[in-house]
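FYI, it's all coordinate maths here, none of it is from the lab. These figures come from a predicted structure and were not determined experimentally. Cβ placement follows ideal geometry from the backbone for every residue including glycine, while neighbour counts extend to all protein chains displayed.
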Amino acid sequence: MLVNLNEVLLDAKKNHYGVGLFNTINLEMARAVLEAAEELRSPVIVGTAEILLPAAELVELRDILIPMAERASVPVVLHFDHGLTEEKVIEALRLGYSSVMYDCSADTYEDNQEKVKRMTEIVHAFGATIEAELGHVGSNQEAAEGSGKDDSIYTEPDQAAAYVNATGVDALAVAVGSSHGAYKKAPKLDFERLREIEQMVDVPLVLHGGSGLTDDDFRNCIKNGIAKINIFTDINCAGAKAAYDQYESGKGLFEIAEGVRAAVKAETMKKMLIFGSDNKAS
């Protein structure tokens with residue numbers, strides 16, 4: 001069943017478990033994620049990230065994902081992840097996405113707040129939900145190619161409370177030490193900062209850059225207020241490795257598709273069990 005963020009994250013926040021967002025770029029990944037969710041009876045958020053749209057157009061993904069979400073026997077949020085422009089976010093809403101993230105985290109605090117507040121009114125008029133980001137979760141790729149430091153800006157707890165009150169967003173992504181992409185070294189998460197934010201903010205909190213964190217990292221994040229965890233790199237790499245391991249001369253995409261799907265499904269189920277979302281589907 002197709003739902004929005006509030007229909008899965010409010011219960012996760014209340015009962016201290018995490019719901020995974022799994023970005024998918026094609027039918028095989030989407031099938032794997034939804035099969036994992038149904039097998040474990042877990043709510044799930046299927047994401048389409050703007051930065052991944054070169055793999056498929058938004059309308060093409062919509063045509064695949066909305067019917068699959070509507071047929072599913074568990075709650076499925078169809079979420080437009082890291083929308084960078086107002087035009088693309090509104091396009092996702094018009095195409096039927098039930099939730100969006102409008103990412104203005106690279107802007108000044110004032111511009112971020114103003115732009116997200118205006119977008120929140122539009123999103124709610126569609127009956128959808130909106131996630132925003134305060135602070136900035138950086139990129140491990142940028143760190144690897146540059147000075148060795150990413151461009152993260154940690155979220156300030158006082159600002160987070162004021163920002164949520166001013167914008168009316170339904171969920172807030174926070175920067176507490178995680179980064180996008182594959183980690184080059186183990187991150188050090190600021191759980192004290194996260195705890196302070198959770199005490200001051202009344203909407204569900206979101207962790208970006210989840211791939212590569214330890215099981216204990218995930219559990220401590222959930223314990224300290226995280227209700228939504230974004231995953232792409234881990235399932236993306238699991239699928240690629242399965243394709244590589246199966247390949248031999250004469251084999252085509254059809255022959256390896258099932259193995260790829262199985263690998264993505266297994267990695268997705270692993271994350272759902274760590275997050276504690278299994279058997280939480282209503």
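Quick look at the values:
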| item | result |
| --- | --- |
| Degrees, to the nearest 10: 58-71 long Cα axis against longest axis of the chain | 80 degrees |
| Net dipole in debye of the stretch 2-275 [+1 Lys, Arg Cβ; -1 Asp, Glu Cβ; about Cα centre; nearest 20] | 700 debye |
| With Cα atoms, 0 to 90° folded angle of helix 109-125 axis to the chain main axis | 60 degrees |
| Set of aspartates and glutamates with alpha-carbon distance to K271 below 13 Å, sequence-local pairs under 8 removed | D215, D216, D217, D234 |
| Label-point gap, in nm, between R41 and E70 - each point 7 angstrom along Cα→Cβ | 2.7 nm |
| Extended-chain gain in nm, criterion 0.36 nm per residue less alpha-carbon gap, K188 and E110 | 25.2 nm |
| Sequence of T233, T85, T268 once ranked by neighbouring C-beta atoms within 10 Å, starting from the fewest | T85, T233, T268 |
